Amino acid sequence: MPKRNITIKQAPIVEQFATRLRQVRCSRGMTQAEVARRSRVAISYVWKLESGTAAPGIDLVSRLAAALGTTVHDLLPVGEPPDSLTMLRDRAKALLDDLLQSADEPTLTMLCPLLARLGESPTRRR
């Protein structure tokens, strides 16, 4: 059976990491071969990292930072933190949906007044 080339679409953070890795390497005047040797990976893998076609593991990010004389924090892109309220709502909805799917009558009998009271809470935003 012939091999099929499968292209994996990486997350945007991988491209941001690739750009940062290339910037730091170039600012140090290092070649991909030097970075590869110092971080104990193949030159072709450094090329893949810098082109955004491969995503490194945490241990490799640490080795790359050491090879470049920088920190892990400096190599990792800083993005906007996720909206915690949205995340909490999504988590609460998922938990409630799971509970509603499997709850028996006594559980639902207990749950309904609790939800009603929470809905009446004076701290609840409307």
- Task: Determine, yes or no, whether Ser102 is more than 20 Å from the chain's Cα centre (by Cα) and not charged (D, E, K, R).
- Result: yes
- Message: Residues that are of a type in the set (Asp, Glu) and more than 15 Å from Val78 (Cα to Cα), at least 1 per element: which helices (runs of 4 or more DSSP H) completely within the range 8-52 meet that?
- Response: 32-39, 43-51
- Task: Name the one entry in Thr107, Thr70 that is of a type in the set (Ser, Thr, Tyr) and touching a residue at least 12 places away in the same chain (Cβ under 8 Å).
- Result: Thr70
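Table: residues versus (1) closer than 30 Å to Arg20 by Cα; (2) modelled with pLDDT under 90; (3) among the acidic types (Asp, Glu).
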residue	(1), (2), (3)
Ser62	yes, no, no
Ala67	yes, no, no
Glu80	yes, yes, yes
Thr86	yes, yes, no
Arg91	no, yes, no
Glu105	no, no, yes
Leu108	no, no, no
Pro113	no, no, no
Pro122	no, yes, no
- Item | Flag if Thr109 is at negative phi and assigned to a loop (DSSP other than H, G, I, E, B) | no
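The values are calculated or read from the model by the stated rules, or taken from the named source; none is laboratory data. All values reported here derive from a predicted model rather than from experimental measurement. Please note: Cβ atoms are built from the backbone with ideal geometry, for glycine as well, and neighbour counts cover all protein chains shown.
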